[in-house]
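Reading through the structure tokens given below for one structure.
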Amino acid sequence: MNLSKILKNAFLVVIFGLIITACATKKSVKTTTEPTTTSTKAAETQKADPIEKLDALMQGDVYIGSDTVGELASGVPDRVFFATNETILTTASRETLRKQAAWLRQNSDVTVVVEGHADERGTREYNLALGERRANSAKDYLMTYGVSSDRIKVLSYGKERPVDSGSNPLSWSKNRRSVTVKEN
Amino acid sequence: MRNKILLIFVLCFFLKPGISYSLVEIDITRGNLDPLPISVSPFFSDEISKEKIKKNLDIDNLGLEISEVIQNNLRKTGLFETLEKESFLQKPDIAHLKPRFEDWALIKSQVLITGKVTSIIINEKDYIKIEFKLWDVLGAKMVDGFSLTTVPNNWRRVGHKISDKVYERLTGESGYFDTRIIYVAEEGPKTQRIKKLAIMDQDGFNTKYLTLGNELVLTPRFNPTNQMVTYLSYFRNMPRVYLLNIETGKQEVVGDFPGMTFAPRFSPDGKKIIMSLAKDGNSEIWVRNLETNIQEKITDHPSIDTSPSYSPDGKYITFNSDRSGYQQIYVMRSDGSKVKRISFGKGIYGTPVWSPRGDLIAFTKLHKGKFFIGVMRTDGTGERLLTENFYQEAPSWSPNGRIIIFYRETKTNDKGEGFSAKLWSIDLTGYNERLVITETDASDPSWSSLLGN
């Protein structure tokens, strides 16, 4: 039974990944109008790792891929990503957070910690503040969709806990995130 | 000033510093100069002292070790060329009594340091007495010297005190060798770093770890008397500012506000801690008075205000804020009034730290994907970038304001391997950049003031 559950989850993740990739490919047409620096960076990364296509994984400099994304619950992604130095939620982030809010409303005994993170390209102290701001940005959105504030704690890690140890724009985009973690 | 005697655990001060001699003076404000040739003769010991010291410390030739401490300190300043001991023509004991100046001039030494280590007993306890003399080779005379008595274990510190005396005598500036550095020792993969508070002598010796690595710790900073440290700990997953007494090991939370407290630093009188409090997505600067436990909000702005640092007179605070859209450096009065932006160059600016002399602010700058450590005057003019790299930040001043220590992280390769974090130092002139050797990877250095006694 456990196995079938795992398989089902895996299947969902794959499907979800496909949807995202599909959306992303469409959007990537737009990103070609971005400043040249983006495409140069893309070229570099592609050379380094031909499997990862940067255009499909980043929109502007916000990560839109599924690598590193876990689940808060079945079909509910646990994290959202941010642009450099930004705390504004993207359309995709808001969609993810609405899913999280819906699930949290259905599971009213669950409390969560929203962990805010920054990439390594900033000073340590500023990044602690930035992570806190990002986590609160996600928290505020969850509250807007009906999750009460006493169920959401906020914890900033600044740049202390990257998920990707690379030193390139794609790795940094995965690290600029807020992750909603079940506390109980 | 030069005649001021700093040393208190001197039992026997047998040499008075001479009146000002002019010849071997070094101008350390110049960047690239010819280092002054200097000889540090091994300090000598009589056989009985040697035996006692061997028994106490398990060191065969303590006099040689002390001369090495002094030699390394002086060499690393970039101001001195320390000559090879193999080239010395005169024996240490005779040189200490009265050098044959011709022998030292022959190997092109302009300055000579000699010394003597004796084991003595006071109240049935073993002590060591260390004498040192500073000689001007060209002027053929002694220019300074002193004698210190201390417990055997303290011998490295005596080496540092002698180095400070020599530096002070030859440059006219106070030294920085009898000091410590507190920092964060790092181990493990980049995604799961284990961090501990560590303290070491300025030259990398006597490393001690103050925490076990069970919780994340960041940004330790000394108080003015070097007995207390304030830092950020993630104890119980609640990032808060703590105060640690290094001598007793006792620690307490000082930043127990609802929200995260971080970026702590002491006020110059040691009575207050300034820090940031992040709450509901906004970071402001607060001050907590350690005597009254009253905390006061200093900034009031919806932007990120952090990394505060007091001026040495305590009247002003510099900090960074992104209120203009990006991180920039600001100065305000210590009550929070008269906030003024001072950084206007290209790029973003952070981590301002006021120099102990009061005239400069050191900072980190990010521009075109590169990180710089630089300095500017306190009104923002005269910006000078000292060093450029892939990633570096967190400058901290030596107590004499001549050197800046900071940490640098390396770029990883395509597989995310090759990460390291190390301490580096650079002179205010932008010359003499050096790796500071630590037992583990290291970050967030904070330089103590001179240790006193």
### Task
Might you check whether a residue that is of a type outside the set (F, W, Y), in contact (Cβ under 8 Å) with a residue 24 or more places away in the chain and under 19 Å from B:Y242 (Cβ atoms) occurs anywhere in the range B:347-359?
no
### Summary
Of the residues in the range B:364-420, those that are at positive phi and more than 14 Å from chain A (Cβ to nearest Cβ) come to B:G380, B:G382, B:G401
### Query
For the range B:7-63, which residues satisfy the criterion of being modelled with pLDDT under 60, surrounded by 14 or more Cβ atoms within 10 Å (Cβ to Cβ) and touching an Asp or Glu at 6+ places or on another chain (Cβ under 8 Å)?
B:L15, B:P17, B:G18, B:Y21, B:V24, B:I28
### Query
Can you name the strands (runs of 3 or more DSSP E) wholly within the range A:96-184 that have at least 1 residues being small (G, A, S) and either surrounded by fewer than 16 Cβ atoms within 10 Å (Cβ to Cβ) or within 10 Å of chain B (Cβ to nearest Cβ) (or both)?
A:112-117, A:152-158
### Query
Before we move on, is B:G358 of a type outside the set (F, W, Y), part of a loop (DSSP other than H, G, I, E, B) and closer than 26 Å to B:F177 by Cβ?
yes
### Query
Residues B:G345, B:G382, B:G336, B:G314: which one is part of a loop (DSSP other than H, G, I, E, B) and touching a Pro at 6+ places or on another chain (Cβ under 7 Å)?
B:G314
### Query
So how many residues does the range B:405-442 have that are assigned to a loop (DSSP other than H, G, I, E, B), within 30 Å of B:Q227 (Cα to Cα), β-branched (V, I, T) and without any contact (Cβ under 8 Å) to a residue 60 or more places away in the chain?
0
### Message
When you scan the range B:184-206, do you find a residue that is touching a residue at least 24 places away in the same chain (Cβ under 8 Å), within 13 Å of chain A (Cβ to nearest Cβ) and under 18 Å from the mean Cα position of the chain (by Cα), even just one?
### Response
yes
### Query
With respect to B:Y176, is the statement that it is touching an Asp or Glu at 6+ places or on another chain (Cβ under 8 Å) and in a loop (DSSP other than H, G, I, E, B) true?
yes
### Task
Give the residues of the range A:162-177 that are of a type in the set (S, T, Y) and either over 15 Å from A:I64 (Cβ atoms) or over 15 Å from the mean Cα position of the chain (by Cα) (or both), sorted by residue number.
A:S165, A:S167
### Task
Can you tell me which residue within the range B:225-261, out of those that are in a loop (DSSP other than H, G, I, E, B) and within 14 Å of another protein chain (Cβ to nearest Cβ), is surrounded by the fewest Cβ atoms within 10 Å (Cβ to Cβ)?
B:P258
### Query
Of the residues that make up the range B:99-111, is at least one part of a strand (DSSP E or B), assigned by TED's automatic domain parsing to the domain that holds B:D164 and either touching a strand residue (DSSP E or B) at 6+ places or on another chain (Cβ under 9 Å) or over 30 Å from B:R402 (Cα atoms) (or both)?
yes
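Are any residues in the range B:372-408 small (G, A, S) and closer than 12 Å to A:T123 by Cα, and if so, which ones?
B:A394
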### Query
touching a residue at least 24 places away in the same chain (Cβ under 8 Å), polar (S, T, N, Q), outside any loop (DSSP other than H, G, I, E, B) and surrounded by fewer than 21 Cβ atoms within 10 Å (Cβ to Cβ): does that describe B:T364?
no
### Matching option when the condition is at pLDDT 95 or above, out of contact with any strand residue (DSSP E or B) (no Cβ under 8 Å at 6 or more places or on another chain) and basic (K, R), among B:K411, B:K422
B:K411
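Which one is nearest to the other protein chains (Cβ to nearest Cβ) among residues in the range B:262-310 that are in a loop (DSSP other than H, G, I, E, B) and touching a Pro at 6+ places or on another chain (Cβ under 8 Å)?
B:I298
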### Message
List the residue pairs whose Cβ atoms are under 6 Å apart, where the first residue sits in the range B:156-178 and is buried (at least 23 other Cβ atoms within 10 Å of the Cβ), the second is of a type in the set (G, A, S) and in a helix (DSSP H, G or I), and the two are 6 or more positions apart or on different chains.
### Response
B:F177/B:S163
### Query
Is one or more of the residues making up the range B:112-132 out of contact with any helix residue (DSSP H, G or I) (no Cβ under 8 Å at 6 or more places or on another chain) and in a helix (DSSP H, G or I)?
no
#### Entry: Single residue of B:P399, B:P445 found to be modelled with pLDDT of 95 or more, under 27 Å from B:T171 (Cβ atoms) and outside any loop (DSSP other than H, G, I, E, B)
B:P445
### Task
Output the qualifying pairs, or none if there are none: Cβ atoms under 6 angstrom, residues six or more apart or on different chains, first residue in the range A:111-123 and within 18 Å of B:E393 (Cβ to Cβ), second residue part of a loop (DSSP other than H, G, I, E, B).
A:A118/A:K159; A:D119/A:R176; A:E120/A:K159
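Can you tell which of A:D55, A:D49 is over 10 Å from the mean Cα position of the chain (by Cα) and either surrounded by fewer than 16 Cβ atoms within 10 Å (Cβ to Cβ) or at pLDDT 95 or above (or both)?
Details: A:D55 fails: either surrounded by fewer than 16 Cβ atoms within 10 Å (Cβ to Cβ) or at pLDDT 95 or above (or both).
Testing whether each residue is over 10 Å from the mean Cα position of the chain (by Cα) and either surrounded by fewer than 16 Cβ atoms within 10 Å (Cβ to Cβ) or at pLDDT 95 or above (or both) leaves just A:D49.
The values are calculated or read from the model by the stated rules, or taken from the named source; none is laboratory data. Just so you know, these numbers come straight off a predicted model, no measurement behind them. All Cβ positions, even for glycine, are placed from backbone atoms using ideal geometry, and neighbour counts span all protein chains on display.
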